[in-house]
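The values are calculated or read from the model by the stated rules, or taken from the named source; none is laboratory data. Worth saying up front: this structure is predicted, and the values here are computed from it rather than measured. All Cβ positions, glycine included, derive from the backbone under ideal geometry; neighbour counts span all protein chains shown. Each accessible area value is taken on the protein alone, full model and side chains, heavy atoms only, with ligands, DNA and RNA left out. Shrake-Rupley method; radii C 1.70, N 1.55, O 1.52, S 1.80 Å.
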Amino acid sequence: MSGTITSQAGVVTFDYATWSALFPDLATNTSDAQAALYFDQAGDYLNNTPLSPVQNLTKRARLLNLLTAHIAQLMLPVSAGGNGAGTVGRVASASEGSTSIGLDMGSQSVSAAWFMQTQYGAMFWQATAYLRQMRFVPGRSPRPRIWP
């Protein structure tokens, strides 16, 4: 499993050994303490409480680990294989004299753009598409009001 379920029911805790096995390229340059902080930060994007929209703890652990990898990739310096202070987006235009480059995120929402900066974020975005859809909760129809 890609996380550990704590004694508090419905919560996934960070397991560095599992995370580093899943993302060895990131674990090389990310300490246990850093990764644990990134996991906590991942909880800001995906609720990690019993009230989470992802009730399956195994699935939630996978998603939180992807988010942790995404954040780690963003925070790592470029020299360590990360995106830190690097360019974001696809090259839309480039010139050689005086060296300039124009970047574009394409036609996507602002929310999606942040996730599309890394392969891990893109995988998380795709895996959670069902959470961004309207949910219909059937219930009793309201009684029509008839005005005099």
Q. Assuming VAL78 fulfils every condition listed in (1) β-branched (Val, Ile, Thr); (2) open to solvent by 70 Å² or more (accessible area, probe 1.4 Å); (3) at pLDDT 70 or above apart from one, which condition is it?
A. (3)
Q. Which number in (1) at pLDDT 70 or above; (2) part of a loop (DSSP other than H, G, I, E, B) marks the one condition that THR87 misses?
A. (1)
Q.
Pull out all pairs, ordered by first then second residue, where Cβ-Cβ is under 8 Å, the residues are six or more apart or on different chains, the first lies in the range 13-36 and is within 20 Å of ARG60 (Cα to Cα), and the second is among the acidic types (Asp, Glu) and surrounded by fewer than 17 Cβ atoms within 10 Å (Cβ to Cβ).
A. PHE14/ASP40; TYR16/ASP32
Q.
If I filter the range 129-146 down to residues being free of Cβ contacts under 8 Å to residues at least 24 places away in the same chain and outside any loop (DSSP other than H, G, I, E, B), which single residue comes out as least open to solvent (accessible area, probe 1.4 Å)?
A. ALA129
Q) Which of the residues that make up the range 30-54 are among the acidic types (Asp, Glu) and more than 20 Å from ALA17 (Cβ to Cβ)? A) ASP44
